[in-house]
1. Over the whole of B:145-158, what's the average partner chain Cβ count within 10 Å per residue? Rounded to a whole number, please.
2. If you take every residue apart from B:PHE140 with its C-beta less than 10 Å away from the C-beta of B:PHE140, what net charge results, scoring Lys and Arg +1 and Asp and Glu -1?
3. Taking every residue in B:167-178, how many Cβ atoms of other protein chains lie within 10 Å of its Cβ, on average?
4. Most fluctuating residue of B:ALA94, B:ALA214, B:ALA191 in a GNM of chain B with Cα springs under 10 Å: which is it?
5. Check every DSSP H run in chain B and write down those whose alpha carbon atoms cover 18 angstrom or more along the long axis and whose mean Kyte-Doolittle hydropathy is 1.0 or greater.
6. How many partner chain Cβ atoms sit within 10 Å of a residue's Cβ in peptide A:183-190, on average, as a whole number?
7. In whole Å, what is the distance between the alpha-carbon centres of the range B:118-175 and the range B:65-79?
8. Given all pairs of different Cα atoms, what value in angstroms does the Kirkwood hydrodynamic radius of chain B take?
2 protein chains.
Amino acid sequence: MARWNWGRVSVLPFTILVHLVGILCVALVLVWMIHFRGGLAWSTSNQILIFNIHPVLMIVCFIFLSSEAIVHFKSAPGSKFYKKTIHSALNAIALTGAIVGVAAVFKFHKELGIANLYSLHAWLGMLTIILFGLQWMSGFLVFLFPRGAKKTRGRVLPWHVFVGLLVYIAAISSAESGIVELVALLQGRNAMGKFSPEARLANCLGLSLLLLGALVVLSSVLSSPSPATKPEDAIAIPSP
Amino acid sequence: MARWNWGRVSVLPFTILVHLVGILCVALVLVWMIHFRGGLAWSTSNQILIFNIHPVLMIVCFIFLSSEAIVHFKSAPGSKFYKKTIHSALNAIALTGAIVGVAAVFKFHKELGIANLYSLHAWLGMLTIILFGLQWMSGFLVFLFPRGAKKTRGRVLPWHVFVGLLVYIAAISSAESGIVELVALLQGRNAMGKFSPEARLANCLGLSLLLLGALVVLSSVLSSPSPATKPEDAIAIPSP
């Protein structure tokens, strides 16, 4: 049986890349919504500015902060309790931002008389946020407060990691579908050229999000540099 | 250090679910393209029928067959050489189908004078197909013919599994973005109601693809029932 030691590849360079690509995604969505789409506002007669809050919060809070929550737990120094608290707090802020981001779309739809929750992007996004909320809640109860027995925590942990990564991937996929939907709607109304700088920026944001997702998932399977994880951590797989 | 034995959860029920959800996705895309969108044709004056080949081949070949290739290797009985050959052959057919599926869109665009490769869906999809091709080629060379040394195969295998799953997830994400783009374009032209049966069917296809992706990724981390994989296969993770 082959045994591949993930410990040979350190998570640290990938963690740095996660920060950099995450910041790139934040910068791209801000340039898109502020420079190309006119900016952000909650109360305004130009309802487009209310909508613009949605992509910004979904990427700056939901995607960027949940990415940071995953890699922080994996790579930051400090006690387990400290790391769990930061992981939980970052995910709580990410979830709150996502809920406000969804509220912005509902407000935009209501003010313009547009129907809610008809598109696949909306279905994927709502499902992701509900699963994220359940995942956060179960993680908090089992690992932080009131905290399950050691045996329970040991049993739940791999599922917490696995389901957490699936929900994270669903969030990335929802964001991709949101970019595609917004661009298709704008191009359908001739409000954005097919090869315009704005369209290319939106596509680059989509590719950057894909890269961010791949880096975060890779970081989560590589060995942690903290003493909590032993270097012999390995994933056992059948021999090739 | 907690050790979670993936061996306790058998892959077999999930494999059956993968087959069922895969068949559901195939059925949904066929009903969508044949019943709601008028059917399929390669040479026709109604170019929409050329386009319709694209979603059908991307889901029936690319997604369904690559899902089957992953779970077949994991769960089917037989020698390793036999399983590798079937895995490689299914992925080769999946890739060929995807290339013909892309050719259908290029033909559709050419006949109607529409630009190619401007959308994020196109960028994501092309990137996925190129990575899939490289992944297939490297897997064939290392594991089948001429086949690397045992040590090389052992080193490459975890990366083959990891990158393969990432490319598979990218394929699911590209398909979701394709559904969103097509529906947004049709709804922008008032060719599909927001809450019409067709729109709901398209959304159900998107959710089914998400479920299929989650089941395939889950299957790939659970223990294989074949004697090639020992029951003590485990993923080692730090204690909670």
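Every number in this text was worked out from the coordinates using simple rules, so none of it is lab data. From a predicted model like this one, the values you see are computed outputs, not experimental measurements. Don't worry about glycine lacking a Cβ; one is built from the backbone with ideal geometry, like all the others, and counts go over all protein chains shown.
1. Working: counts 0, 0, 1, 1, 0, 3, 1, 1, 3, 7, 4, 3, 6, 12.
So the per-residue partner count for this stretch is 3.
2. Details: positive: B:LYS84, B:ARG147; negative: none.
Result for the local shell: +2.
3. On the way: counts 1, 0, 9, 7, 0, 3, 12, 4, 1, 9, 11, 2.
Mean shielding count: 5.
4. Of B:ALA94, B:ALA214, B:ALA191, the most mobile in the Gaussian network model is B:ALA191.
5. Numbers: long enough: B:12-30 (27 Å, 2.62); B:80-112 (48 Å, 0.59); B:120-139 (28 Å, 1.26); B:150-188 (55 Å, 0.83); B:197-221 (36 Å, 1.54).
Span-like helices, by this rule, are B:12-30, B:120-139, B:197-221.
6. On the way: counts 6, 13, 4, 2, 6, 6, 1, 0.
Going residue by residue through A:183-190 and averaging, the value is 5.
7. Their Cα centres are 16 Å away from one another.
8. Working: mean 1/r = 0.0520 Å⁻¹.
Roughly 19.2 Å, rounded to one decimal.
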